[in-house]
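*Asks:* Could you have a look at this structure, given as structure tokens, before my questions?
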Amino acid sequence: MKYRNRARLIQFKHMTKTSIFARVPSSSPTFLTKVKILLPTPMEVKLWNDKREREMYENFAELFAIIKATEKLEKAYVRDIISPAEYEAECQKLIAHFKTLSSTLKDTVPSIERFHDTYKMDCPAALNRLVTSGVPATVEHRAAAATSSASSASVVAECVQNFITAMDSLKLNMIAVDQVHPLLSDLSSSLNKLLILPSDFEGKTKMREWLSRLSKMGAADELTEQQARQLHFDLESSYNSFMAALPSAGT
């Protein structure tokens, strides 16, 4: 069919917003002409070629879902939306599923971090929990508390030992500066390690005063009888204060 120069261009828009153009001859009785368009039947596109590929993609989807769910769970716990008990139970399930799935996908997904970046997931909390930590935050906190408690108990024992050693040395008449100074220095150091004691704790203050006094004396100098008695008294008083402070600190 031939068209003249006066032919008009009419644009019809399909539902998918794909533009369709039709040229209408000048002899057409009306400018607007209804055109019936038969669209091709949508084709089904498969992501896999066989059962093995299908299982791989399903595993990818499962891994994606676990990472996203863990990120949501971490945020809910931080915002106190769920209780620690609920968080721990759900987190343990997700970690268990993650470990099983990541082991299955170790050949196709050698790096979880790369999988995370490839799909632009933006789930840093989930990566930390699943890959770096491997345990719920509540378990981490309990372990840290237990470690801190064990460390404090060790320092307490060290302080007690240093108190007793210093007092016994004075009883044995070890009163030379080069004998006394190291003992008080060790005691002062152990007291400063124990964070439950305030900075103005009597034992810390007394030991600083005695160390300052001894540093002004010669190594061969000896404490006078009065000085030795005063030092022993200060040590015994500080020891009693130290033992009294432990229950109130929760040890």
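*Asks:* Quick check for you: which residues of segment 164-196 have the amide N under 18 Å from the point 7 Å beyond the Cα of Lys216 toward its beta carbon?
*Replies:* Only 177-178, 181 pass the distance filter.
*Asks:* Where Lys and Arg each count +1 and Asp and Glu each count -1, what net charge lies around Thr104 among other residues with Cβ under 14 Å from its Cβ? Before the final figure, lay out each step's value.
*Replies:* Numbers: positive: Arg52, Lys99, Lys106; negative: Glu55, Glu58, Glu62, Asp107.
Counting the neighbours of Thr104, the net charge comes to -1.
*Asks:* Once the other residues with Cβ under 13 Å from the Cβ of Tyr77 are scored (Lys, Arg +1; Asp, Glu -1), what is the net sum?
*Replies:* -3
*Asks:* So for Val131, Val155, what's the accessible-area order with a 1.4 Å probe, most first?
*Replies:* Working: Val131 60, Val155 20 Å².
Correct descending sequence by accessible area is Val131, Val155.
*Asks:* OK, next. What is the local net charge at Met121, summed over the other residues whose Cβ is closer than 10 Å to its Cβ (Lys, Arg +1; Asp, Glu -1)?
*Replies:* Details: positive: Lys68, Lys120; negative: Glu71, Asp117, Asp122.
Neighbour charge sum, excluding Met121 itself: -1.
*Asks:* Hey, got a sec? Which trypsin sites (Lys or Arg not before Pro) in segment 88-136 land in a DSSP loop and have at most 16 other Cβ atoms within 10 Å? Display every interim value, and only then the final one.
*Replies:* On the way: sites: Lys93, Lys99, Lys106, Arg114, Lys120, Arg129; in loops: Lys106, Lys120.
Counting only loop positions with at most 16 other Cβ atoms within 10 Å, the trypsin sites (Lys or Arg not before Pro) in segment 88-136 are Lys106, Lys120.
*Asks:* Can you tell me the order of 62-69, 195-202 when each peptide is scored by its average per-residue count of other Cβ atoms within 10 angstrom, highest first?
*Replies:* On the way: 62-69: 17.5, 195-202: 13.1.
Per-residue Cβ counts within 10 Å, averaged per peptide and sorted highest first, yield 62-69, 195-202.
*Asks:* While we're looking at this one, here's another question. Carbon-plus-sulfur fraction of the accessible area of segment 60-166, 1.4 Å probe, in percent? Kindly include the intermediate steps, with their values, before the conclusion.
*Replies:* Values: 3470 of 6120 Å².
Roughly 57 percent of what the probe reaches on segment 60-166 is carbon or sulfur.
*Asks:* Hey, what do the phi angles of segment 172-181 turn into as Karplus ³J(HN,Hα) couplings, whole Hz, using 6.51/-1.76/1.60 and θ = phi - 60°, x for Gly and Pro?
*Replies:* Along segment 172-181, the couplings run 8, 6, 8, 10, 6, 4, 6, 9, 7, 4 Hz.
*Asks:* State the dimensionless ratio Rg/Rh of segment 101-145 (Rg: radius of gyration of Cα atoms; Rh: Kirkwood radius). The partial results should precede the final answer.
*Replies:* Details: Rg = 12.7 Å, Rh = 11.8 Å.
In segment 101-145, Rg relative to Rh is 1.08.
The values are calculated or read from the model by the stated rules, or taken from the named source; none is laboratory data. Keep in mind that this is a model prediction, so the values were computed, not measured. Every residue, glycine among them, receives a Cβ derived from its backbone with ideal geometry; neighbour counts consider all protein chains shown. Note: accessible area is taken over every heavy atom of the protein model, side chains too, but ligands, DNA and RNA are not part of it. Shrake-Rupley method; radii C 1.70, N 1.55, O 1.52, S 1.80 Å.
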